[in-house]
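Asks: Below are the structure tokens for one structure; questions will follow.
Any read-out appearing in this document is the output of simple, stated calculations on the displayed coordinates, not a laboratory observation. This one's a predicted model, so the numbers in the text were calculated from it and none came from an experiment. Because the Cβ atoms are built from the backbone with ideal geometry, glycine has one as well, and the counts that use them run over all protein chains shown.
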Amino acid sequence: MAPSQASHVPSLDTLVKSFNDQSLEASVEALVFLLRRRQVRGDDCAKATAHILRQVVSKSKWTDVNQLLDKVYSYGVRLVRGAPLEPVIGNIVRRVLRLIRDEAAEERNADASDDDLESDTADDIQSLNPGAPPPQPLSRTATLPVRPAPTPLFSSSGLTVSNSMFNLLSIVEPVGSPLTGSSTPMSQAQPASMQAFRSEVLDGIEEILDEINQSDDQIASFWESQIHPGDYVLAYQPNKTVERFLIKAASKRKFTVLLAGLQNPDPTAEPPFAALRKKLNAAGVETINLATNGLMAYIPRVNKVIFGAKAVYQNGGLLVDSGCCVAAQAAHEYLKPVIALCPIYKFCPEDPSNEVLRGELGDPSDFVSFANGPAVGLLDIENTVTDYIPPELVDVYLTNLGPQTRKHLANILADHYKIEDVAFSMQVDDEA
């Protein structure tokens, strides 16, 4: 029997710390290995991807924007291929590509505005005196005329200049002086601009990481508009986003939470959601554990259904944990509102693929073991770990920017992604 590798899986903090201590290529290979083994999943995929792309910007060699875009794209392709069923990886790659394009556009606009300002100034001077010759551009080495001072100063080149504040600020060594050497060509001045551009891109990636880390708290801050006193709230397979939302609401209001999800077949295991139930009970909120097969009996009593989404697609459909679709369909039949908690970085600007519609398959040994008898070998058992919820079953998308409806999804996607990067995942499939 092969030894278990579970104890050797590094935590996210340990993994990120290792990125700084090894080469870029080694960091990418380590992350791709963990992604393929499904040992880095969910929100950790988004954080790890952002950290890797930050290393790409800071450690890789590039001299212009196009080279940087190509490097981010190529490394992003490798990460997406490592976990094609984690759409947040492609989302973060698209966000960084947009960041680079926006920063480059700002640099070009700043240069263009400076040129326009100089041109407008020259036109204004010419309009004041039409008969005068057009003004010549002021050289960077030219000095302003000043009144001669009685006590002269000497520059390092031996030229006598007057002791005036204007001249002190405008002393320029001539070309070829011992201090500066020969004149600097423009090609050598470019790295300074690229270094500033690199810093701007790194700051933008840090903002993306801050958004990922703060999104759960920001979503929880909108509890007041969704949870009312005395509500019966059904939380199906609550993830950490839903847990933080419920705990935040429980600190201010009294309501009842019905916790539903897949039951662990091991009778000796800890009851599901025990830690969440303990925190809610400590806040005075009553909790009820539901089995999946008893869900329909409680739906008429429920006021709303809440669950966390792994991804929100362009059409408004959701990628969720297995079983959430059953709860959404039951709520739709009884006209109960369905609220999906999902941060903006999980909004995917493409339609769901066939793999998403079929659902991701997990290990069937979690439910059936070969020790149960020879009949197990005659069965074809599938353990679906994800579901797809069509958009007509979702009423509210609660994001870190506030509640959203399906009509606003196009605006959100347009604000966070460039049109040329939308088909990023499809291009990855074509290159595979």
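Asks: Nearest 5 percent is fine: what portion of the DSSP beta bridges confined to region 221-417 is antiparallel? Show your work: numbers first, answer last.
Replies: On the way: 11 of 32 bridges.
Rounded to the nearest five, the antiparallel share is 35 percent.
Asks: Along region 301-317, what does the Karplus equation 6.51 cos²θ - 1.76 cosθ + 1.60 (θ = phi - 60°) give for ³J(HN,Hα), rounded to whole Hz, x for Gly and Pro?
Replies: Ordered by residue, 3J(HN,Hα) equals 8, 6, 8, 7, 10, 10, 8, x, 9, 7, 6, 10, 8, 4, 7, x, x Hz.
Asks: For a quick check: with amide H placed at 1.01 Å from N, whose amide H comes under 5 Å from ASN383's, ignoring anything fewer than 5 positions away on the same chain?
Replies: Correct list: GLY362.
Asks: Cross-link candidates for LYS418: which lysines have Cα within less than 17 Å, leaving aside residues fewer than 8 places away along the same chain?
Replies: The reachable lysines, counting only those whose Cα sits under 17 Å from LYS418, are LYS346.
Asks: Continuing with the same structure: In whole Hz, with x marking every Gly and Pro, tabulate ³J(HN,Hα) for region 39-45 from phi via Karplus 6.51 cos²θ - 1.76 cosθ + 1.60, θ = phi - 60°.
Replies: Computed from phi, the couplings for region 39-45 are 8, 10, 9, x, 4, 4, 5 Hz.
Asks: Which order do the peptides 331-339, 390-398 come out in when sorted by mean C-beta neighbours inside 10 angstrom, highest first? Can you show the working numbers first?
Replies: On the way: 331-339: 16.6, 390-398: 19.1.
Highest to lowest by the protection proxy: 390-398, 331-339.
Asks: Dividing the alpha-carbon Rg of region 221-417 by 2.2 N^0.38 Å yields what?
Replies: Working: Rg = 17.7 Å, N = 197, 2.2 N^0.38 = 16.4 Å.
Compactness ratio reported: 1.08.
Asks: From the backbone phi of region 327-335, what are the Karplus-calculated ³J(HN,Hα) couplings (6.51 cos²θ - 1.76 cosθ + 1.60, θ = phi - 60°) in whole Hz, Gly and Pro given as x?
Replies: Taking θ as phi minus 60°, the curve returns 5, 5, 5, 5, 5, 5, 5, 9, 6 Hz for region 327-335.
Asks: Given H placed 1.01 Å from N in the peptide plane, which residues other than close sequence neighbours of PHE347 have an amide H under 5 Å from its amide H?
Replies: HN-HN under 5 Å from PHE347: VAL312.
Asks: Amide H to amide H, which residues 5 or more places from GLN404 or on other chains are under 5 Å from it, using H placed in the peptide plane?
Replies: TYR397, LEU398, THR399
Asks: On a full-extension model of 0.36 nm per residue, what is the gain between ASP21 and ARG78, subtracting their alpha-carbon distance, rounded to one decimal in nm?
Replies: Answer, rounded to one decimal: 18.4 nm.
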